[in-house]
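Asker: Just dropping this structure here.
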């Protein structure tokens, strides 16, 4: 499915701003009842945290920390700014009320500033997808992680306005967070080695159809792991895909870019993105990983993928089906520049009660 189709659907939802359908009102459009067979989760029928439960396994923490060789750290969250790329109508605005906001107070003449931030969370720079973000429309209603129907989950306020996702809130993942072995997949280096993109290319092309080189398959994932000389991806690991598209607004460039350059980055961002194909995400599900991440808005190859007619299929295959979460718009260029192939990854989403996701600035230790 093309991004324009998804954007139109998102735009319609934004008009409602949380004032949604009444309980068990049918949604128009496609229905996929195969999703009804997905539950219960391997973590239990009442689980709300999904793959972050891997963090409770001390062996996974030991595995992550064993990758640290140089005892150095970097952060991989993108800058939050009004001119940075964002999906569809979503936006980030920040204002400083008052100059300064308050003061002076006391004999020491204290003054202070506050900020007012107006934003969505989804695809606003680096963003974590939580349990309430992605679901599948079924004959029983929109189904999310662990078989929860969204109408049964909503926390409603005055006038029926939805004010939170209840058992699907991101705070349940935030209670565990992630400490995992990070495997860095450099798809740009792979395609150069294969002779499929030029030696000077910084990014994979946006895929338009099945078979395009911007689609990263399961075989590609295995080839990148082998080329890096790493052990196989395993249970509880986190996987970062570098497609190069995020280079257009990477942290080492963004602050020095002018408004025209930032607009050009937004234009590329809006056209689609290289990313994981369906087979890669099936492989990750089979390997029982903890988290996918990458330098694009979704980490799914789009508009072209390995199968036509699907809307970001890795999202549904991993999140509501398996509780394997996703982190978007990560500054993977910094990982490549530091020649990091494997590291310890540490992140916890904010404990925003009832939210579908969270801003993020993860720490990588290497």
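Asker: Give the Kirkwood hydrodynamic radius (Å, one decimal) of segment 248-359, defined as one over the mean of 1/r across all pairs of different Cα atoms.
Answerer: Across segment 248-359, the inverse of the average 1/r is 15.8 Å.
Asker: Then there is this: Mind checking the full-extension length gain between residue 235 and residue 81? Use 0.36 nm per residue of separation minus the Cα-Cα distance, one decimal, nm. Show your work: numbers first, answer last.
Answerer: Working: separation 154, 0.36 × 154 = 55.44 nm, distance 3.53 nm.
So the extension gain works out to 51.9 nm.
Asker: Would you work out if the chain is rounded, prolate or oblate? Take a ≥ b ≥ c from the square roots of the eigenvalues of the alpha-carbon gyration tensor; rounded if a/c is under 1.5, else prolate when a/b is larger than b/c, oblate otherwise.
Answerer: Verdict is rounded for the chain.
Asker: Would you please give the FRET efficiency between residue 353 and residue 209, computed as 1/(1 + (r/R0)^6) with r the Cβ-Cβ distance and R0 = 41 Å, to the nearest 0.05?
Answerer: Result of the calculation: an efficiency of 0.45.
Asker: Continuing with the same structure: Would you mind ranking 188, 179, 117 so that the residue whose beta carbon has the fewest other beta carbons within 10 Å leads the list?
Answerer: 117, 188, 179
Asker: How do 365, 116, 182, 350 line up, fewest other C-beta atoms within 10 Å first? Each step should come with its number before you reach the end.
Answerer: Values: 365 20, 116 10, 182 27, 350 14.
Fewest-to-most Cβ neighbours within 10 Å comes out as 116, 350, 365, 182.
Asker: Let me check against my output: what whole-number percent is the relative contact order of the chain, with C-alpha pairs under 8 Å and at least 6 apart?
Answerer: Once normalised by length, the contact order is 28 percent.
Asker: Moving on. Mind listing P(r) for segment 260-299? All alpha-carbon pairs, 10 Å bins, whole percents.
Answerer: Pairs per bin, as whole percents: 26, 41, 21, 12, 1.
Asker: Please compute the length gained on full extension between residue 37 and residue 95, using 0.36 nm multiplied by the number of residues separating them and subtracting their Cα-Cα distance.
Answerer: 16.2 nm
Asker: What 222 nm value per residue comes from the helices of the chain, counting each DSSP H run with n ≥ 4 as -39,500 (n - 2.57) and dividing by all residues, nearest 500 deg cm²/dmol?
Answerer: Result for the chain: -6500 deg cm²/dmol, rounded to the nearest 500.
Asker: For an R0 of 45 angstrom, estimate the FRET efficiency from the Cβ-Cβ distance between residue 251 and residue 139 and round to the nearest 0.05.
Answerer: Numbers: r = 45 Å, r/R0 = 1.00.
Efficiency, rounded to the nearest 0.05: 0.50.
Asker: Quickly work out the residue 28-to-residue 199 label distance, labels modelled 7 Å from Cα along the C-beta direction, and quote it in nm with one decimal.
Answerer: 5.6 nm
Asker: Sort segment 162-288 into rounded, prolate or oblate with this rule: let a ≥ b ≥ c be the square roots of the eigenvalues of the Cα gyration tensor; rounded if a/c is under 1.5, and if a/c is not under 1.5, prolate when a/b is larger than b/c, oblate otherwise.
Answerer: Taking the square roots of the gyration eigenvalues as a ≥ b ≥ c, segment 162-288 is oblate.
Asker: A further question on this structure: Alpha carbons only, please: Rg and Dmax for segment 94-230, in angstrom.
Answerer: Final numbers for Rg and Dmax: 23.7, 70 Å.
Asker: So for 257, 94, 224, fewest C-beta neighbours within 10 Å to most, what's the order?
Answerer: Working: 257 17, 94 12, 224 23.
Exposure proxy ranking, most exposed first: 94, 257, 224.
Asker: Can I ask one more? Note down the nm distance, to one decimal, between modelled labels 7 Å out along Cα→Cβ at residue 259 and at residue 222.
Answerer: Rounded to a tenth, the inter-label distance reads 5.1 nm.
Asker: Give me the one-decimal nm value for the distance between modelled label points at residue 285 and residue 155, 7 Å along each residue's Cα-to-Cβ direction.
Answerer: Distance between the two pseudo-spin positions: 3.0 nm.
Asker: Suppose the chain between residue 57 and residue 114 were pulled fully straight at 0.36 nm per residue; how much longer would it get relative to their current alpha carbon spacing?
Answerer: 16.5 nm
Asker: Is the C-alpha gyration tensor of segment 22-167 telling us rounded, prolate or oblate? Criteria: a/c under 1.5 is rounded; beyond that, a/b larger than b/c is prolate, otherwise oblate. Numbers along the way, then the final one.
Answerer: Values: a/c = 2.30, a/b = 1.35, b/c = 1.70.
It comes out oblate by the Cα gyration axes.
Read the figures in this text as sums done on the coordinates, not as results from a lab. Quick caveat, the model's predicted, so the values are computed rather than measured. Heads up, the Cβs are rebuilt from the backbone with ideal geometry, glycines too, and the neighbour counts pull from every protein chain shown.
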